[in-house]
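Undergrad: What follows is a structure written as structure tokens; I'll ask about it next.
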Amino acid sequence: MCLNRPGAAGGPPAEGVLVADPVLRVEHLTKVYPDGTRALSDVSFDVARGEFLVVIGLSGSGKSTLMRCINRLIEPSGGRILFQGRDVTAASRDQLREIRREIGMVFQQFNLVRRASVLTNVLTGRLGYTPPPWALANYFAAPVVDRAFANLERVGIPEKAYTRADALSGGQQQRVGIARALMQEPQLILADEPVASLDPAMSHSVLRYIEELNQKDGITVVCSLHFLSLARRYGTRILALKAGQIVFDGLPADIDETRFKAIYGDDALEVEIT
Amino acid sequence: MGPVGGAGASGGVSVSERIRAERRFRPWFRSWRFYIMAAVTLAVYVYGWQVTQIKLPELWRGAHLIAPLVTALGSPDVAVRDNPVQQAAAPFDYGGETPPPSAPASGPAVRLSQSTGHAGQRVTATGQGFAPNRRGMLEWENQIGSRQELVPVATDGQGRFAATFDTPDVMGTRNTVFADIVSGVGPLRLSATFFVVLDRMVETVFLALMGTTMGVVFAVPLSFLGAKNLTAHIPGGRVVYGLTRTFFNVSRSIEALVLAIIFTIWVGLGPFAGVLALGVHSIASLGKLYSEAIESIEGGPIEAISATGASTLQILRYGVVPQIVPQFLAFTIYRWDINVRFSTVIGFVGGGGIGFILLQYINLLQWRQAATALWMIAIVVAALDYASAVARERLV
């Protein structure tokens with residue numbers, strides 16, 4: 001088996017699959033941190049509408065940087081990102097806010113405001129659509145509050161609305177994170193290791209919610225995961241990163257022993273998470 | 001290299017043997033460093049003892065001077081009784097003229113063995129018609145109404161008493177001898193001293209409140225400029241950060257008491273000078289604590305709220321403020337607590353508050369009044385200390 005590694009003799013260049021009218025197009029994305037670390041080099045791929053794209057790779061392979069470059073939480077050093085045809089990398093501050101509010105994000109550490117209530121945390125998902133001065137009065141319109149309760153209902157914890165976020169278990173906190181992303185009515189959800197801080201049972205529960213959003217609501221998902229078994233179970237397509245470069249882009253079924261070792265190194269053993 | 005820790009695996013010494021050999025263990029009494037350190041320490045304390053003029057015998061020699069204050073602590077001037085008093089009077093003239101005889105036939109009356117004479121004579125006073133078995137006092141009032149105590153008296157079972165006294169050397173000729181017998185037990189009421197002290201304590205607490213408020217009003221905006229994580233992203237942020245932190249450190253190093261002296265020159269004696277002194281000192285201390293609270297906030301929630309498309313104002317409101325408000329409140333309550341304690345002494349330099357009258361009472365040797373002020377300070381400060389501890393525990 002030959003890997004799609006750039007410069008590898010006989011293989012085509014590591015270009016991701018290009019599709020017509022993608023939700024997200026990443027072109028020659030490069031990120032070099034101020035300390036000289038090259039986190040991403042020349043990464044290009046497309047994400048078609050309705051895909052559940054799983055990004056895998058070792059710690060430090062650039063998964064988190066890639067996720068954060070897409071909505072410019074991290075400024076890319078080079079390349080271009082197009083979200084529904086709009087250039088994210090060239091967007092002004094106001095344009096960027098409009099782009100960001102259509103991209104929901106779910107984090108490994110949940111990133112909830114711990115001292116605030118669950119409801120407030122969910123409502124913050126709507127800030128991109130709310131006039132900024134309303135923040136001074138902590139005011140949200142009644143339909144937005146109704147929607148927040150509906151989304152909490154959807155992730156199964158409506159009774160926790162007035163509980164402080166840090167009083168919840170990890171799995172519940174991540175469900176609040178998903179409800180917050182849902183408030184944005186997103187076209188795309190970026191999930192950065194959403195289950196890495198959870199135990200296996202919780203992992204499936206959280207991933208099933210994301211899968212449901214993908215299948216029922218047609219929200220495109222880009223999700224980074226550690227476990228290949230989870231990637232195979234939930235992904236419709238897998239993108240593997242190694243040292244900031246794409247080393248595999250294809251169907252979950254196509255990852256065999258050789259490819260696995262190429263992604264994770266020769267010493268790696270595949271472990272199942274059930 | 002071979003495997004580590006395999007002692008004797010290849011004839012060499014083990015790692016632990018090598019490390020132990022490198023660091024030689026020597027008992028402390030064999031080390032010359034110990035004797036040098038001991039000599040230096042001894043010299044420092046001998047000099048310190050001399051320079052601070054520590055004279056332990058003074059504690060015994062001066063004990064009688066502090067004793068009145070210590071005993072007064074057991075009987076502070078807090079409550080007094082309005083006891084009913086039976087009074088009778090008899091004239092005594094210096095200079096020979098015979099005064100008109102005293103009239104009352106019934107009720108309490110006092111008679112003197114003589115009603116004219118000169119200073120230094122022994123006179124016997126007899127009383128009758130008073131309440132039986134009570135105590136009282138014979139008093140001498142001179143021509144201009146100034147009174148002095150002569151001797152204590154006590155009535156017998158028939159309400160009579162007899163006492164002798166020496167006529168005092170006073171100005172004027174027409175004098176009156178009064179017999180005041182406390183005839184009953186009146187209701188307790190709070191003393192005038194208590195209300196004076198309470199009034200000043202209220203002033204003290206509000207002095208601290210206003211000073212703390214002044215500190216908060218200026219420290220909150222300044223603390224954002226003194227937080228490294230926030231200033232790092234703005235142009236010239238390093239300079240702003242450096243200037244703010246320098247201001248905090250310099251103004252914190254000036255004691256509030258020194259500031260109070262400076263402000264009494266500026267705005268005159270009184271609580272306003274105290275408010276300014278505590279305020280300026282609080283700006284610096286609170287500013288530093290607030291800045292550190294801001295520096296310790298988590299980046300995660302801010303990242304998450306930025307990702308929803310929130311504006312800077314919204315990020316501050318929902319990402320930053322919830323993380324810092326509880327800590328800010330806790331620090332503010334703590335500062336107010338410190339300021340109440342401090343404002344009790346700020347009166348010593350004329351900055352208003354209870355310290356001002358405490359100093360007065362001590363200078364006038366009014367120990368019971370001073371004791372009232374000391375108790376008031378102790379109780380109010382301890383109560384606020386406790387309340388602030390409870391409040392802070394709930395917040396953080």
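Undergrad: Can you find even one residue in the stretch B:184-198 that is of a type in the set (F, W, Y) and in a helix (DSSP H, G or I)?
TA: yes
Undergrad: In contact with a helix residue (DSSP H, G or I) (Cβ under 7 Å, 6 or more places away or on another chain), of a type in the set (G, A, S) and away from chain B (no Cβ under 14 Å): is that true of A:A253 in this structure?
TA: No: the conditions fail for A:A253.
Undergrad: Six or more apart or on different chains, Cβ under 7 Å: which pairs go from a residue in the stretch B:236-251 that's assigned to a helix (DSSP H, G or I) to one that's basic (K, R)? Could you list them?
TA: B:Y241/B:K228; B:F248/B:K288
Undergrad: Being facing another protein chain (nearest Cβ under 8 Å) and either touching a strand residue (DSSP E or B) at 6+ places or on another chain (Cβ under 7 Å) or within 15 Å of B:R392 (Cβ to Cβ) (or both): is that true of B:A307 here?
TA: When the stated conditions are applied, B:A307 passes them.
Undergrad: Assess whether B:L276 counts as being closer than 18 Å to B:G355 by Cα, touching a residue at least 12 places away in the same chain (Cβ under 8 Å) and not basic (K, R).
TA: Yes.
Undergrad: Take the conditions surrounded by 23 or more Cβ atoms within 10 Å (Cβ to Cβ) and more than 8 Å from chain B (Cβ to nearest Cβ) and apply them to A:V176. Does it pass?
TA: Answer is yes for this residue.
Undergrad: So, one more: A:Q184 is checked against (1) closer than 26 Å to B:L316 by Cβ; (2) away from chain B (no Cβ under 14 Å); (3) part of a loop (DSSP other than H, G, I, E, B) and fails just one. What number does that condition carry?
TA: (2)
Undergrad: For A:G104, work out the one condition from (1) touching a helix residue (DSSP H, G or I) at 6+ places or on another chain (Cβ under 8 Å); (2) within 14 Å of another protein chain (Cβ to nearest Cβ); (3) in a loop (DSSP other than H, G, I, E, B) it doesn't fulfil.
TA: A:G104 satisfies every listed condition except (3).
Undergrad: It is to be established whether one or more residues within the stretch B:314-329 are over 19 Å from B:N229 (Cα atoms), buried (at least 18 other Cβ atoms within 10 Å of the Cβ) and at pLDDT below 90.
TA: no
Undergrad: While we're here: When A:L136 is evaluated against the numbered criteria (1) surrounded by fewer than 21 Cβ atoms within 10 Å (Cβ to Cβ); (2) in contact (Cβ under 8 Å) with a residue 40 or more places away in the chain; (3) within 9 Å of another protein chain (Cβ to nearest Cβ), which criterion, by number, is the only one it fails?
TA: (2)
Undergrad: What are the residues in the stretch A:115-133 that are outside any helix (DSSP H, G or I) and at the interface with another protein chain (Cβ under 8 Å from one of its Cβ atoms), if any?
TA: Once the filter is applied, which keeps residues that are outside any helix (DSSP H, G or I) and at the interface with another protein chain (Cβ under 8 Å from one of its Cβ atoms), the stretch A:115-133 yields A:R115, A:A116, A:T130.
Undergrad: While we're here: Considering only the stretch B:214-235, how many residues are touching a residue at least 24 places away in the same chain (Cβ under 8 Å) and assigned to a helix (DSSP H, G or I)?
TA: Residues in the stretch B:214-235 being touching a residue at least 24 places away in the same chain (Cβ under 8 Å) and assigned to a helix (DSSP H, G or I): 12 in total.
Undergrad: Kindly indicate which of B:I254, B:I262 is free of Cβ contacts under 8 Å to residues at least 40 places away in the same chain, under 27 Å from the mean Cα position of the chain (by Cα), outside any helix (DSSP H, G or I) and closer than 17 Å to B:I346 by Cα.
TA: Testing whether each residue is free of Cβ contacts under 8 Å to residues at least 40 places away in the same chain, under 27 Å from the mean Cα position of the chain (by Cα), outside any helix (DSSP H, G or I) and closer than 17 Å to B:I346 by Cα leaves just B:I254.
Undergrad: Does the stretch A:63-82 hold any residues that are buried (at least 19 other Cβ atoms within 10 Å of the Cβ) and either of a type in the set (D, E, K, R) or away from every other protein chain (no Cβ under 12 Å) (or both), and which are they?
TA: Passing the criteria: A:K63, A:T65, A:L66, A:R68, A:C69, A:P76, A:I81.
Undergrad: Pull up the stretch B:333-383, narrow it to residues that are at positive phi and touching a Lys or Arg at 6+ places or on another chain (Cβ under 9 Å), then point me to the one that is modelled with the highest pLDDT.
TA: That would be B:G353.
Undergrad: Now, a different point. Just checking, does the stretch B:322-333 include any residue being part of a loop (DSSP other than H, G, I, E, B), within 14 Å of another protein chain (Cβ to nearest Cβ) and over 35 Å from the mean Cα position of the chain (by Cα)?
TA: Checking the stretch B:322-333: not a single residue is part of a loop (DSSP other than H, G, I, E, B), within 14 Å of another protein chain (Cβ to nearest Cβ) and over 35 Å from the mean Cα position of the chain (by Cα).
Undergrad: Assuming B:G300 fulfils every condition listed in (1) on the phi < 0 side of the Ramachandran plot; (2) more than 14 Å from every other protein chain (Cβ to nearest Cβ); (3) small (G, A, S); (4) surrounded by fewer than 20 Cβ atoms within 10 Å (Cβ to Cβ) apart from one, which condition is it?
TA: In the conditions (1) on the phi < 0 side of the Ramachandran plot; (2) more than 14 Å from every other protein chain (Cβ to nearest Cβ); (3) small (G, A, S); (4) surrounded by fewer than 20 Cβ atoms within 10 Å (Cβ to Cβ), B:G300 misses (2) alone.
The values are calculated or read from the model by the stated rules, or taken from the named source; none is laboratory data. All of these numbers come straight from a predicted model, not from anything done at the bench. No Cβ is skipped: glycine too gets one built from the backbone with ideal geometry, and neighbour counts run over all protein chains shown.
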